[in-house]
1. Taking region 84-139 as the region of interest, how many residues are among the hydrophobic types (A, V, I, L, M, F, W, C) and in contact with a Leu (Cβ under 8 Å, 6 or more places away or on another chain)?
2. Checking the conditions here, which among 16, 25 is part of a helix (DSSP H, G or I) and not small (Gly, Ala, Ser)?
3. Hey, residue 106 hits all of (1) out of contact with any strand residue (DSSP E or B) (no Cβ under 8 Å at 6 or more places or on another chain); (2) of a type outside the set (Lys, Arg); (3) more than 19 Å from residue 19 (Cβ to Cβ) but one; which does it fall short on?
4. With the structure loaded, tell me whether residue 38 is touching a residue at least 24 places away in the same chain (Cβ under 8 Å) and touching a strand residue (DSSP E or B) at 6+ places or on another chain (Cβ under 7 Å) or whether it fails that test.
5. Can you pull out every residue in region 41-74 that is aromatic (Phe, Trp, Tyr) and under 16 Å from the mean Cα position of the chain (by Cα)?
6. From (1) of a type in the set (A, V, I, L, M); (2) over 11 Å from the mean Cα position of the chain (by Cα); (3) surrounded by 13 or more Cβ atoms within 10 Å (Cβ to Cβ), pick out the condition that doesn't hold for residue 87.
7. Mind checking which residues of region 131-166 are among the hydrophobic types (A, V, I, L, M, F, W, C), assigned to a helix (DSSP H, G or I) and closer than 19 Å to residue 87 by Cα?
Amino acid sequence: MNLPNKITVSRIFLIPIFLIIMLVPFNWGDMTFLGAAMPIQHFVGGLIFIIASTTDWIDGYYARKLDLVTNLGKFLDPLADKLLVSAALIVLVELGLAPSWIVIIIISREFAVTGLRLVLAGEGEVVAANMLGKVKTWAQIVAISALLLHNIIFEAISFPFATIALWIAMIFTIWSGWDYFYKGRKVFINSK
């Protein structure tokens, strides 16, 4: 297993650690930042999510730089991303920090695009992630991070950055999903 794939696998292994820290009722107390308070375990969980999310950029960088792009990496990287984002979104719903309907839209898009990619792959076409898909991913990561950290940086000035970021992530999620289906529409038009 090459270095980029090891980094991707580390992202997958961070998911259960993130879940345990966020969901097991530890009593680590609260922390205060700029007058706003949040549970310490949510701060630690948020940092783990951010670290895991940055490994997405790191593994891709090394795979391209060292010419180590593999089929295993092409499979594991998007899987790791979807598992991490889905787990974090479900945690946010569990904690009452995100509305379930937005989370359902985001996760549904991920399933739908994955299904489309499988159908296209069966037709011999590979749909690579485009810039819109990458913007969607980073919008989701920013929104999830802000929500996991209880909007703590902006809470002191009562600016709902995390909520706005989640709406932006949802818009990019819908837009990029529509883009994938529009570009792959011929598989449905030409189906028998």
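The values are calculated or read from the model by the stated rules, or taken from the named source; none is laboratory data. Nothing here was measured: the structure is a model prediction, and the numbers come from that model. Neighbour counts run over all protein chains shown; Cβ positions are idealised from the backbone, glycine included.
1. Here the count works out to 13.
2. 16
3. Every listed condition holds for residue 106 apart from (3).
4. yes
5. Within region 41-74, 49, 57 meet the criteria.
6. (2)
7. Those that are among the hydrophobic types (A, V, I, L, M, F, W, C), assigned to a helix (DSSP H, G or I) and closer than 19 Å to residue 87 by Cα: 138, 139, 141, 142, 143, 144, 146, 147, 148, 162, 165, 166.
Yes/no matrix, rows are residues, columns are (1) of a type in the set (D, E, K, R); (2) closer than 26 Å to residue 80 by Cα; (3) touching a Leu at 6+ places or on another chain (Cβ under 6 Å); (4) at pLDDT 95 or above:
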{"site": "4", "(1), (2), (3), (4)": "no, yes, yes, no"}
{"site": "16", "(1), (2), (3), (4)": "no, yes, no, yes"}
{"site": "25", "(1), (2), (3), (4)": "no, yes, no, no"}
{"site": "35", "(1), (2), (3), (4)": "no, no, no, no"}
{"site": "41", "(1), (2), (3), (4)": "no, yes, no, no"}
{"site": "44", "(1), (2), (3), (4)": "no, yes, no, no"}
